[in-house]
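Asks: Here you go, one structure.
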Amino acid sequence: MHQYDIASKILMETCRDELIRYFAGIEVEESTIIEELPQETVSVKRSDFPIRVKAKNNQESLMLFELQTDWRKEVPLHLMDYRARYLIKYGLKTVTYVVLLKPSRAATNVYKDNEIRYAYNLIRIYEMSAREILDQGPLCLMPFIPLMKHGPDLLDQADDLIYQSEKTRLEKADMLTSMAILAGIISTDLPVQLINRRKDIMIESAAYDIIKKDGIQEGLEKGKKETILEFLEARFGTVPNELVDGIQKIENSNRLKSLVRLAASCEDMETFRKKYMMNV
């Protein structure tokens with residue numbers, strides 16, 4: 001499974017009622033992600049989220065959410081297959097949403113051929129206003145802020161809103177970790193910034209393993225190395241080449257963390273060098 005699909009799945013498990021309310025205008029009484037696939041369905045991926053919804057007016061329906069990082073011309077055909085199988089199995093009113101994360105000129109909300117016309121809801125995350133979502137919510141769209149218009153500039157505010165919210169600690173961990181993963185679609189630096197700020201809570205999320213496996217953790221270690229060298233240069237001037245080379249070769253995260261503190265507090269470059277050499 002793609003790392004962005006996993007992040008999206010965690011958000012759907014955590015926030016689906018809020019997202020359904022926002023996109024479909026339904027006041028949800030109860031909702032359940034359908035884990036059992038319709039018979040003979042081989043095309044359904046885990047970026048597809050069939051959700052059985054009971055509204056507060058007791059009406060039941062199926063909301064089918066498909067999250068796509070990139071647009072593919074096969075998406076409408078996949079949706080038709082996907083929708084038809086669930087409709088046959090459950091016989092409920094069915095509404096389909098495609099949530100597209102990256103810009104595409106080819107993306108469309110209508111499929112037509114010589115026999116049929118099929119329309120569905122296309123949500124272009126990259127066209128949404130990050131400022132509007134920050135001001136009006138819902139909170140569960142905050143992890144998508146990096147991908148929205150002006151989103152990178154408002155990332156810290158989105159981060160704070162999640163962190164200061166009344167969500168449970170685990171829900172916050174999932175949302176913040178998902179935001180870091182999704183930010184990786186547009187930037188290598190933004191995920192590192194988020195992890196530097198919120199690693200204490202992110203590590204509680206099941207999705208945090210993706211960060212370690214996907215190389216974001218490597219970026220975090222690189223950021224620590226740069227911080228050490230920047231501290232030394234700002235406080236004491238040019239850093240000797242042998243120190244630069246040695247620091248760049250360190251792979252141990254705990255040692256890098258202790259060297260950041262040492263670089264910020266040591267009396268002079270020689271003191272730093274001696275303590276650094278003690279642990280080589």
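Each value in this text was obtained by applying a stated rule to the coordinates, not by laboratory testing. All figures in this text were calculated on a predicted structure; none of them were measured in a lab. All Cβ positions, glycine included, derive from the backbone under ideal geometry; neighbour counts span all protein chains shown.
Asks: Based on the Cβ-Cβ distance of R169 and E18, what FRET efficiency does E = 1/(1 + (r/R0)^6) give at R0 = 30 Å, to the nearest 0.05?
Replies: Approximately 0.95, to the nearest 0.05.
Asks: Using the reciprocal of the averaged 1/r over all distinct C-alpha pairs, how large is the Kirkwood radius of the stretch 128-214 in Å?
Replies: After inverting the pairwise mean of 1/r, the radius is 12.6 Å.
Asks: Given the options N196, Q164, A234, identify the residue whose Cα lies farthest towards the positive end of the charge dipole of the chain (+1 on Cβ of Lys, Arg; -1 on Cβ of Asp, Glu).
Replies: Of the options given, the answer is N196.
Asks: If I model a spin label as a point 7 Å beyond the Cα along the Cα-Cβ vector, how far apart are those points for K275 and V244 in nm?
Replies: 2.3
Asks: Among 248-255, 144-151, how do they line up by average Cβ neighbours within 10 Å per residue, starting with the highest?
Replies: 144-151, 248-255
Asks: Between 0 and 90 degrees, rounded to the nearest ten: what's the tilt of helix 75-90 against the longest Cα principal axis of the chain?
Replies: 60
Asks: Let me ask you something else. Filter K56/K89; K224/K274; K199/K257 down to the pairs with a C-alpha to C-alpha distance above 18 Å, please. Spell out each step's value before the answer.
Replies: Numbers: K56/K89 23 Å; K224/K274 20 Å; K199/K257 13 Å.
Distance filter (> 18 Å) returns K56/K89; K224/K274.
Asks: Now, a different point. Considering the dipole of the chain built from charges on the beta carbon (Lys and Arg +1, Asp and Glu -1) around the Cα centre, which of V98, Y82, L176 is farthest to its positive end?
Replies: Y82
Asks: What is the P(r) of the stretch 222-280, as percent of Cα-Cα pairs per 5 Å bin from 0?
Replies: 4, 20, 38, 29, 8, 0
Asks: Separate question: With charges only on Cβ, +1 for K and R and -1 for D and E, what is the dipole size of the chain about its Cα centre, in debye, rounded to 20?
Replies: Roughly 240 debye for the chain.
Asks: To continue, here is another question. Quick one: work out the % antiparallel among DSSP beta bridges in the chain, nearest 5.
Replies: If I count the DSSP bridges inside the chain, around 55 percent turn out antiparallel.
Asks: Under 16 Å Cα-Cα from K9, which lysines qualify once same-chain neighbours fewer than 8 residues away are excluded?
Replies: Counting by Cα, and skipping residues close in sequence, K9 has these lysines nearby: K45, K172.
Asks: Considering the chain, which cysteines have no disulfide-compatible partner, defined as another cysteine with its Cβ under 4.7 Å away?
Replies: Singleton cysteines: C266.
Asks: A further question follows. Compute the distance from the alpha-carbon center of the stretch 115-153 to that of the stretch 225-280, in whole Å.
Replies: Between the Cα centres of the stretch 115-153 and the stretch 225-280 lies a distance of 43 Å.
Asks: Given q = 0.08 Å⁻¹, what are the Debye log10 I(q)/I(0) values for the chain, with equal point scatterers placed on the Cα positions and solvent ignored?
Replies: -0.44
Asks: If you don't mind, another one. Which one, G237, G137, G91, has the greatest fluctuation when you compute a Gaussian network model over the chain with C-alpha springs under 10 angstrom?
Replies: G237
Asks: Continuing with this model, one more query. Give me the one-decimal nm value for the distance between modelled label points at D200 and D81, 7 Å along each residue's Cα-to-Cβ direction.
Replies: About 4.8 nm separates the two model spin labels.
Asks: Size of the stretch 1-127 along its principal axes in angstrom, Cα-based, largest extent first?
Replies: Its Cα atoms span 38, 32, 27 Å along the three principal axes.
Asks: I'd like the FRET efficiency for N252 and E30, computed as 1/(1 + (r/R0)^6) with the beta carbon distance as r and R0 of 51 Å, rounded to 0.05. The partial results should precede the final answer.
Replies: Values: r = 48 Å, r/R0 = 0.95.
About 0.60, to the nearest 0.05.
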